[in-house]
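Right, one structure below, let's go through it.
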Amino acid sequence: MIMVEQSQVWIGSQDSNIYIINTHSMSCNKQLNDHRSDVTDIIVQEEWPSEAYSSSLDGTVIAWNISTLKVNRVFQLPCQNLTSVKLHNDQLWCCTGSCILVVSTHEFQLQLKIEHHLKDVCSYFLCFQLFPERYEVWASYSGSSDLYVWNTKDFSRPPQKIHLQDCSEITCMIRVKNQVWVGSSARLQGKSKGKIYVICAEKKSVEKELVGHADTVRALCSAEDRYVLSGSGREEGKIAIWKAE
């Protein structure tokens, strides 16, 4: 879900459609139906000419003309399980289960591939975050309580590892100022809980551990870098609001 040009909210759905809500009338009278699988992410390029990019689980990336709602370009990644995309300097960073792919936004040419490096062949990339000004990409794997940080200038070097205590699996992460907020499922006193770790991006150390959910933290959203909203899984289904400091 993302705000587009202050008057629309685009919502990706598991039914392969993108629903467009008019923020003035609060009605949904438009939808985009060019995807053929679950829509997993939507991002917007703010610079002119502005475009929106949507991704789906089958590895498809579509570039949209925001004004006309028509398809500008379509690209099929060489692998599936595409879970999220991020935009930086005319490059799309695409997170799939087995790797992170970097493609150009203009011609969708493959420029970089970050391979899955764990020995456990059953694990896969879950989520990632870019720190371009620090030349870093942060990523997590399924079933792992560790964050991995690569230097984007030299991927031949092994990634730095940040271990999260009492964490079962890292499920989501966002940037908030110079911090990374990490949502997870955790085991506390033998019970499953949702836990948020606040990590200093510079020191690579955990500054705070926040427990406010009785189920896995599934989503994190920053509100003007002042507040962070966290949403939990279906067993609890609650949203918590945290003050970012």
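The values are calculated or read from the model by the stated rules, or taken from the named source; none is laboratory data. What you are looking at is a predicted structure, and each value in this text was computed from that prediction instead of being measured. Ideal geometry is used to build each Cβ from the backbone, glycine not excepted, and the neighbour counts take in all protein chains shown.
Provide a single number: the residues in the stretch 209-239 that are under 19 Å from the mean Cα position of the chain (by Cα), in a strand (DSSP E or B) and closer than 20 Å to L188 by Cβ.
Let us first name the residues in the stretch 209-239 that are under 19 Å from the mean Cα position of the chain (by Cα), namely 216-225, 227-233, 239.
Subset that is in a strand (DSSP E or B): 217-223, 227-232, 239.
Adding the requirement that they be closer than 20 Å to L188 by Cβ leaves 217-218, 220, 230-232.
Summing the residues that are under 19 Å from the mean Cα position of the chain (by Cα), in a strand (DSSP E or B) and closer than 20 Å to L188 by Cβ in the stretch 209-239 gives 6.
Within the stretch 176-195, which residues are part of a strand (DSSP E or B) and over 23 Å from R134 (Cα atoms)? Spell out how you get there, then give the answer.
In the first step, residues of the stretch 176-195 are kept if they are part of a strand (DSSP E or B); the result is 176, 179-188, 191-195.
Within the stretch 176-195, S184, S185, A186, R187, L188, K191, S192, K193, G194, K195 meet the criteria.
Give me the residue from the stretch 41-87 that is of a type in the set (V, I, T) and in contact with a Cys (Cβ under 9 Å, 6 or more places away or on another chain) and, out of that set, nearest to I174 (Cα to Cα). Write out each step before concluding.
Looking only at the stretch 41-87, we keep the residues that are of a type in the set (V, I, T), and these are 42-44, 60-62, 66, 68, 71, 74, 83, 85.
From what is left, the residues that are in contact with a Cys (Cβ under 9 Å, 6 or more places away or on another chain) are 61, 83, 85.
Details: V61: 22, T83: 15, V85: 13 Å.
Applying the filter and picking the extreme gives V85.
Considering I62, I100, I42, I114, which residue is buried (at least 16 other Cβ atoms within 10 Å of the Cβ), farther than 25 Å from S142 by Cα and either of a type outside the set (S, T, N, Q) or in the same structural domain as S184 (by TED's automatic domain parsing) (or both)? Give the derivation first.
Details: I100 fails: farther than 25 Å from S142 by Cα; I42 fails: farther than 25 Å from S142 by Cα; I114 fails: farther than 25 Å from S142 by Cα.
One residue alone meets the criteria, I62.
Could you check C99 against (1) modelled with pLDDT of 90 or more; (2) within 21 Å of P132 (Cβ to Cβ); (3) touching a Lys or Arg at 6+ places or on another chain (Cβ under 7 Å); (4) not β-branched (V, I, T) and say which number it fails?
(1)
If we scan the stretch 212-230, do we find a residue that is among the aliphatic types (A, V, I, L, M) and exposed (fewer than 13 other Cβ atoms within 10 Å of the Cβ)? Spell out the reasoning first.
Within the stretch 212-230, the first condition is being among the aliphatic types (A, V, I, L, M), and the residues that meet it are 214, 217, 219-220, 223, 228-229.
Subsequent filtering for residues that are exposed (fewer than 13 other Cβ atoms within 10 Å of the Cβ) retains 223.
Checking the stretch 212-230: at least one residue is among the aliphatic types (A, V, I, L, M) and exposed (fewer than 13 other Cβ atoms within 10 Å of the Cβ).
Would you call V74 out of contact with any Leu (no Cβ under 7 Å at 6 or more places or on another chain), among the β-branched types (V, I, T) and farther than 25 Å from A219 by Cα?
Yes, satisfied.
Hey, any hits in the stretch 191-210 for a residue that's assigned by TED's automatic domain parsing to the domain that holds Q160, surrounded by fewer than 17 Cβ atoms within 10 Å (Cβ to Cβ) and among the polar types (S, T, N, Q)?
Scanning the stretch 191-210, I find at least one residue that is assigned by TED's automatic domain parsing to the domain that holds Q160, surrounded by fewer than 17 Cβ atoms within 10 Å (Cβ to Cβ) and among the polar types (S, T, N, Q), so the answer is yes.
Step by step: first the residues of the stretch 151-175, then only those that are more than 16 Å from F128 (Cα to Cα) and among the polar types (S, T, N, Q), then the one that is nearest to the chain's Cα centre (by Cα). Which residue is that?
S168
Out of the residues in the stretch 137-156 meeting the condition of being hydrophobic (A, V, I, L, M, F, W, C) and assigned to a strand (DSSP E or B), tell me which one is surrounded by the fewest Cβ atoms within 10 Å (Cβ to Cβ).
Keep residues of the stretch 137-156 that are hydrophobic (A, V, I, L, M, F, W, C), which gives 137-139, 147, 149-150, 155.
Among the residues that remain, those that are also assigned to a strand (DSSP E or B) are: 137-139, 147, 149-150.
Details: V137: 24, W138: 25, A139: 22, L147: 26, V149: 18, W150: 20.
This residue is V149.
Is there a residue being in contact with a strand residue (DSSP E or B) (Cβ under 8 Å, 6 or more places away or on another chain) and over 23 Å from Q6 (Cα atoms) anywhere in the stretch 39-52?
No, the stretch 39-52 contains no residue that is in contact with a strand residue (DSSP E or B) (Cβ under 8 Å, 6 or more places away or on another chain) and over 23 Å from Q6 (Cα atoms).
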